[in-house]
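Reviewing the structure listed below.
We did not get these values from a lab; they are worked out from the coordinates using the rules stated. Everything numeric here is computed off the predicted structure, so don't read it as measured data. No Cβ is skipped: glycine too gets one built from the backbone with ideal geometry, and neighbour counts run over all protein chains shown.
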Amino acid sequence: RAAAPCLEVHQLTGFYNETQALHGIDLTVYPGEVVCLLGRNGAGKTTTLRAIVGLLSRRYGRIVVNGRSTEGLAPEDIAHLGVAYCPEERGIFASLNVEENLLLPPILKPGGMTVDEIYALFPNLKLRRKSPGTRLSGGEQQMLAIGRILRTGAKLLLLDECTEGLAPVIIDKIGEAIAALRQRGFTILMVEQNFRFASGVGDRFYVIEEGQVIEQFNRQAIDEDRPRIEALLGV
Ligand code: ATP
């Protein structure tokens, strides 16, 4: 590969108090890729994303974002390296409207999108710009949650279960947005339970079990080896 990785995770371990959730995760993400973390509930996928953005204080091993080690860095310092995290619970402020939610994150890097650029990506949000967070559908909330992190100028986006609980027609729209973001040069690392969706948008896949990567493959392998991979994932 020509380009240097934008994310390297080497022998990452992580703890919640005394409980070890991650047991030595290794993964690499290159610019422009869509990479999916697959695996059962409780495998450690969310914890991996949280460790990368510094939200897991007890993390050990090596994480390098855009060439810089995140060791000892606080979440806000890691955000300045150009990575943004969209959590599963979305974090929409109910008392603020769509536009106010979009305007909350600071632009941390050149290339942070304007609200109009975000509306171009998610036209639904423009129609709902004055609606309060409480009045949004699940799909609108998810689009807002993804749109909002584009403000920061981060090119590496971590998305946690962005299709969960959404209707198929809305999942298709999220898939189109991810394709559009890739076209614009973004890199995406996503946790995804919906294997059908993941296998449509992802370039490469890591399967996590009990806090370790037990398998990795690319999209071509899914086409060639689908029964074995589906059995592995229990789908
Ligand atoms: P899910 O899709 O269910 O979130 P996951 O693969 O993302 O699954 P994690 O949420 O990363 O899994 O959880 C990994 C392990 O860490 C699990 O055993 C879980 O019970 C534990 N865990 C997660 N969050 C906490 C927490 N705040 N305190 C203690 N243990 C936690």
Once R0 is set to 25 Å, what does the formula 1/(1 + (r/R0)^6) return for the Cβ-Cβ distance between residue 127 and residue 179, expressed as a FRET efficiency to the nearest 0.05?
0.70
Stretched fully, the stretch from residue 172 through residue 215 gains (0.36 nm per residue minus C-alpha distance, one decimal, in nm) 12.8 nm
Extent of the chain along each principal axis, from alpha carbon coordinates, in Å, largest to smallest?
46, 42, 39
Among the aspartates and glutamates, which have Cα under 16 Å from the Cα of residue 109 when same-chain residues fewer than 8 positions away are ignored?
76, 77, 117
List the pair-distance distribution P(r) of region 179-230, using every Cα-Cα distance, as the percent of pairs falling in each 10 Å bin from 0 up to the bin containing the longest distance, rounded to whole percents.
21, 54, 22, 3
Once you have the Cα-Cα distance between residue 71 and residue 223, take 0.36 nm times their residue separation minus that, and quote the gain in nm to one decimal.
50.9 nm
Place +1 on the Cβ of every Lys and Arg and -1 on the Cβ of every Asp and Glu in region 65-166, take the dipole about the Cα centre, and give the residue among 69, 143, 120 whose Cα lies farthest towards its positive end.
120
Given charges at Cβ of Lys, Arg, Asp, Glu: region 83-235 dipole, positive-most of 170, 195, 134
134
Can you find, among 110, 36, 95, the residue sitting farthest towards the positive end of the charge dipole of region 15-127, where Lys and Arg contribute +1 and Asp and Glu -1 at Cβ?
36
Treating the beta-carbon of each Lys and Arg as +1 and of each Asp and Glu as -1, no other charges, what is the dipole magnitude of the chain about its Cα centre, to the nearest 20 debye?
580 debye
So what is the relative contact order of the chain, in percent, for Cα pairs below 8 Å that sit 6 or more residues apart?
27 percent
Computed, not fitted: 222 nm per-residue ellipticity of the chain from DSSP H runs ≥ 4 (each -39500 (n - 2.57)), nearest 500, equal to -10000 deg cm²/dmol
Full-stretch length increase - residue 120, residue 196 - with 0.36 nm per residue and alpha-carbon distance subtracted:
24.7 nm
Using the Cα centre as the reference, give the magnitude of the dipole from point charges on the C-beta atoms of region 1-79 (Lys, Arg: +1; Asp, Glu: -1; all else neutral), rounded to the nearest 20 debye.
180 debye
Spin-label point model (7 Å from Cα, Cβ direction): what's the residue 18 to residue 135 distance in nm?
5.1 nm
